[in-house]
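Visitor: Dropping the structure in here first, questions after.
The values are calculated or read from the model by the stated rules, or taken from the named source; none is laboratory data. Because the structure is predicted, anything quoted here is derived from the model rather than measured. Here the Cβ positions follow ideal geometry from the backbone for every residue, glycine too, while neighbour counts run over all protein chains shown.
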Amino acid sequence: MKRSNAYRAAAWLGPAALAASLCLPSAAMADGEAGRAIRVGIFITVPNKYTLSTPAATLSSAGGLRVAVKKNGETGLLDAVPAGAELRAMAEGYSALLGQSADFAAALAVTKAVKAAGGNPVLEKTSRAGAGAYEVTEGAYATASAASTALAKWTQNATVKAFGGGAGTVRGPLHLETAAFATEAEALAAAGVFGAAGVETFVALRPGGGGTAYSVLVGAAADAAGLDAVRLKLAGVAEAAGLAPASPGAYLMKRQELSISQKESSPTPLYQAPSGSFAVVRPAGAEPVKLAERYGRTYRGQVEVGSYNGALAVINELGFEEYLYSVVGGEMPGSWHAEALKAQAVAARSYALAQGSGFGIAEVVDTTLSQAYNGTSSEKPTTIQAVDATAGVVLKSAGKPIEAVFSSSSGGQTADPAEVWGNPVPYLGSVASPDGSSEKGLLAWHRVLTPSGKSGFVRSDTVTLSGAGGSGAQTATAKAADTNVRPIPLVQTGVAAVEKLGAGAKVTVLETVPQSNEMNWIRGPFTSQQLLDAMKGKTASAVSGPITSLEVGQRGPSGRVTKLLVNGKELGVKSPDSLRGALGGLPSTRFWIEPASLSLLGGGGQIGAKEAGAAVQVLGAGGAKASSSGGASLNVAGAGGAIRPVASGASWYIRGTGYGHGLGLSQYGAKGLAEQGYAYDAILKYYYKEIELVKDGY
């Protein structure tokens, strides 16, 4: 049978070699290092908390892989994949059968079209009813309804419609099953018998008494009626008498798909775990596991793939200390002082321990919602040394690990919990922090006015400073053609320049500032509409525009903004730290607002604000008038010599210090303290109050 031949062609190991590779007990699937393990959600869905999804996981390892199934905590080793070869893993569920054809090129075209449209196609060779064909299915859905909706969508695709004639069907997870076979070859031979009768067949791998037991799953019904239809099709097949409904116990369905290689002769094994089970993939040797869908990162320990909360979950389980090797390197440069790295290691260890099962089947996720975890790519000899040197050391308060939060830079003063969360935390408080090292080596930037009347920032090495102009302000000359005038003092990918200056163009320098960094930064200028767009969905109630005033209403102990007034009314947000998102993603809430509009003092002492769109006229001594309307540039010099452009509409710059929420350890502050000679334990006790460092504090 051609389907059986396809499976045999993909057999990588002979029976003896395979048996040898599977001789390890199931306990070997646990992390090789002694001690506590941690489970990290690489892809996981936790309603109302976190969602990062993928339809499938493509895994490989330079040293080969071992494949197992896990159910109710029990793991059984089942299969092996050779060095460098890929496998795919998905959850078994419902899928849309889009059609089949004897023409491989036609089936591949459908696969590519579905993939390009955001689908998850599986292309495989089948020989149902004795006719060799290439079959395309899409997805693995949690419900028949979801698969049916997907089928309706794909059958409207022109390429799919031409391939399947619009007559696709929904496949499901209900099967009949044969008795166990001792070898995969025997199972494949049996599969050929049932396939010749026109029904789907799949090889199943189950843990057996002496290793792996093989069986054939017959049919792929979405409901009981569908399973009855499969029995009816097999009415004349003698071997069907021994079929029984598939046992719901732990197994992996093994298919051979051509979607990855896109070549007829190069199938990739696809393992699917039924509901309640997980495919478990572990490196066969010392090389880590590579996950293509997560930037090709590689991971220590094992990777588990299965259904959770109606979506595919990909979990990395590994030794706790090994997890920290990556976290410390992902959160802090490995070139930093050893004592700063040690402080980071202890803080990260304590934080992770305090999470419990924060994400259901995982304690943490791999993003900064928990801690940055990038697999082995973030590990450095120095970060490994820092973790090993502090092995088991945990920060505790009242006998429990503390949630040792940290941020990149506190901007000179760490936050008080009330400024971030709105409530006190005993071991967190506001302290001064030496964060200035983030500015070392950075070029200065000049805020300038261009000849066309526009305002922005130029990097100091792109212009030559010259003497003062008629206004008393310093001027500068562009060194080369196409000198960029940036919105803020930072090169931002994908953000267009305000203007490009020609060589020799002269500009007026309004001020000189450091390049925006973790210590000091500038964002903006924000127009009313930009702010309204940023606030959508992030405030307790919609802000009625236009925005004519933006003011700080209240600050906390560290100077962070805890209340913001928009058009004179408090902006309702979930917590003070949420103001960062509501203002377009500010680095921190330790900020000050600089209006680009102008306040006018009348002869009688009255103060008036320049309204958006309104013109301002200035009458000179000779009777000449200058106006801010019609695109003209109007600039005003204050008593101290500072010059401010008068905007034609309401807009604001926001200047601030710090990067992150500012609570707990400041990473740049830890660097500064370490460079001053502080040991890691002193650094931790400086940032966290009323705590103790406990060895072996797991």
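Visitor: Restricting the search to the stretch 204-255, which residues are within 36 Å of the chain's Cα centre (by Cα) and either surrounded by fewer than 18 Cβ atoms within 10 Å (Cβ to Cβ) or farther than 24 Å from residue 142 by Cα (or both)? Steps first, please.
Guide: Filtering the stretch 204-255 down to residues within 36 Å of the chain's Cα centre (by Cα) leaves 204-207, 220-222, 248-255.
Of everything in the stretch 204-255, those that are within 36 Å of the chain's Cα centre (by Cα) and either surrounded by fewer than 18 Cβ atoms within 10 Å (Cβ to Cβ) or farther than 24 Å from residue 142 by Cα (or both) turn out to be 207, 248, 249.
Visitor: Give me a count of the residues in the stretch 158-208 that are under 23 Å from residue 146 (Cα atoms), in contact with an Asp or Glu (Cβ under 8 Å, 6 or more places away or on another chain) and not aliphatic (A, V, I, L, M).
Guide: Of the residues in the stretch 158-208, 3 are under 23 Å from residue 146 (Cα atoms), in contact with an Asp or Glu (Cβ under 8 Å, 6 or more places away or on another chain) and not aliphatic (A, V, I, L, M).
Visitor: Contact list please: Cβ distance under 6 Å, first residue in the stretch 658-680 and under 19 Å from residue 690 (Cβ atoms), second residue modelled with pLDDT under 95, pairs at least six apart or on different chains.
Guide: 663/420
Visitor: Since residue 557 meets every condition but one in (1) of a type outside the set (Ser, Thr, Tyr); (2) closer than 30 Å to residue 661 by Cβ; (3) in contact with a Lys or Arg (Cβ under 9 Å, 6 or more places away or on another chain), which condition does it not meet?
Guide: Tallying (1) of a type outside the set (Ser, Thr, Tyr); (2) closer than 30 Å to residue 661 by Cβ; (3) in contact with a Lys or Arg (Cβ under 9 Å, 6 or more places away or on another chain), residue 557 fails exactly one: (3).
Visitor: On to the next question. Please work out which residue is surrounded by the fewest Cβ atoms within 10 Å (Cβ to Cβ), limiting yourself to the stretch 655-674 and to residues that are touching a Lys or Arg at 6+ places or on another chain (Cβ under 9 Å) and part of a strand (DSSP E or B).
Guide: Residues of the stretch 655-674 that are touching a Lys or Arg at 6+ places or on another chain (Cβ under 9 Å), as a first pass: 655-658, 661-662, 674.
If we keep only those that are part of a strand (DSSP E or B) as well, we get 655-657.
Details: 655: 17, 656: 24, 657: 24.
Among those residues, the one meeting the criterion is 655.
Visitor: Quick one: in the stretch 564-591, which of the residues that are of a type in the set (Lys, Arg) and under 18 Å from residue 653 (Cβ atoms) is surrounded by the most Cβ atoms within 10 Å (Cβ to Cβ)? Spell out how you get there, then give the answer.
Guide: Within the stretch 564-591, the first condition is being of a type in the set (Lys, Arg), and the residues that meet it are 569, 574, 580, 590.
Those still in the list that are under 18 Å from residue 653 (Cβ atoms) too: 580, 590.
Values: 580: 21, 590: 25.
The extreme case among them is 590.
Visitor: Can you tell me how many residues in the stretch 439-448 are surrounded by fewer than 22 Cβ atoms within 10 Å (Cβ to Cβ) and either under 26 Å from residue 673 (Cβ atoms) or more than 32 Å from the chain's Cα centre (by Cα) (or both)? Spell out how you get there, then give the answer.
Guide: Just the residues of the stretch 439-448 that are surrounded by fewer than 22 Cβ atoms within 10 Å (Cβ to Cβ), to begin with: 439-444.
Now drop any that are not either under 26 Å from residue 673 (Cβ atoms) or more than 32 Å from the chain's Cα centre (by Cα) (or both), which leaves 439-442, 444.
Residues in the stretch 439-448 being surrounded by fewer than 22 Cβ atoms within 10 Å (Cβ to Cβ) and either under 26 Å from residue 673 (Cβ atoms) or more than 32 Å from the chain's Cα centre (by Cα) (or both): 5 in total.
Visitor: On to the next question. Name the residues in the stretch 140-161 that are surrounded by fewer than 14 Cβ atoms within 10 Å (Cβ to Cβ) and under 15 Å from residue 110 (Cα atoms), would you?
Guide: 156, 158
Visitor: Also: So, residue 198, is that one in contact with a Gly (Cβ under 7 Å, 6 or more places away or on another chain), surrounded by fewer than 20 Cβ atoms within 10 Å (Cβ to Cβ) and within 25 Å of residue 110 (Cβ to Cβ) or not? Quick ask: steps written out before the conclusion?
Guide: On the way: in contact with a Gly (Cβ under 7 Å, 6 or more places away or on another chain): no; surrounded by fewer than 20 Cβ atoms within 10 Å (Cβ to Cβ): yes; within 25 Å of residue 110 (Cβ to Cβ): yes.
So residue 198 fails the test.
Rundown of residues vs (1) at pLDDT below 95; (2) over 19 Å from residue 251 (Cβ atoms); (3) more than 27 Å from the chain's Cα centre (by Cα), yes/no style:
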{"site": "44", "(1), (2), (3)": "no, yes, no"}
{"site": "48", "(1), (2), (3)": "yes, yes, no"}
{"site": "71", "(1), (2), (3)": "yes, no, yes"}
{"site": "85", "(1), (2), (3)": "no, yes, no"}
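Visitor: Which of the residues belonging to the stretch 369-394 are within 16 Å of the chain's Cα centre (by Cα) and either assigned to a helix (DSSP H, G or I) or aromatic (Phe, Trp, Tyr) (or both)? Break it down stepwise before answering.
Guide: Step one: filter the stretch 369-394 for residues within 16 Å of the chain's Cα centre (by Cα), giving 369-375, 377-378.
Selection gives 373, 375, 377, 378.
Visitor: Being in contact (Cβ under 8 Å) with a residue 60 or more places away in the chain, crowded, with 19+ Cβ neighbours inside 10 Å and more than 18 Å from the chain's Cα centre (by Cα) is the requirement here; does residue 294 meet it? Steps first, please.
Guide: Working: in contact (Cβ under 8 Å) with a residue 60 or more places away in the chain: yes; crowded, with 19+ Cβ neighbours inside 10 Å: yes; more than 18 Å from the chain's Cα centre (by Cα): no.
So residue 294 fails the test.
Visitor: Please go through the stretch 503-528 and pick out each residue that is out of contact with any Leu (no Cβ under 8 Å at 6 or more places or on another chain) and more than 18 Å from residue 455 (Cβ to Cβ).
Guide: Of everything in the stretch 503-528, those that are out of contact with any Leu (no Cβ under 8 Å at 6 or more places or on another chain) and more than 18 Å from residue 455 (Cβ to Cβ) turn out to be 503, 504, 518, 519, 520.
Visitor: Still on this structure, I have one more. For the stretch 395-416, give me each residue that is surrounded by 22 or more Cβ atoms within 10 Å (Cβ to Cβ), touching a Gly at 6+ places or on another chain (Cβ under 7 Å) and assigned to a strand (DSSP E or B).
Guide: Within the stretch 395-416, 406, 407, 409 qualify.
Visitor: Name the single residue that is surrounded by the most Cβ atoms within 10 Å (Cβ to Cβ) among those in the stretch 162-185 being in contact (Cβ under 8 Å) with a residue 12 or more places away in the chain and in a helix (DSSP H, G or I). Even if it seems obvious, please write down each step before you answer.
Guide: The initial filter retains those residues of the stretch 162-185 that are in contact (Cβ under 8 Å) with a residue 12 or more places away in the chain, namely 163-165, 167-185.
Applying the additional criterion that residues be in a helix (DSSP H, G or I) yields 163-164, 184-185.
Values: 163: 26, 164: 23, 184: 19, 185: 15.
Looking at the filtered set, the residue picked out is 163.
Visitor: Could you tell me which of the residues 259, 265 is buried (at least 21 other Cβ atoms within 10 Å of the Cβ) and part of a loop (DSSP other than H, G, I, E, B)? Give the derivation first.
Guide: Values: 265 fails: buried (at least 21 other Cβ atoms within 10 Å of the Cβ).
That would be 259, the only listed residue that is buried (at least 21 other Cβ atoms within 10 Å of the Cβ) and part of a loop (DSSP other than H, G, I, E, B).
Visitor: Determine which member of the set 235, 241 is in a helix (DSSP H, G or I) and more than 23 Å from residue 272 (Cβ to Cβ).
Guide: On the way: 235 fails: in a helix (DSSP H, G or I).
The unique qualifying residue is 241.
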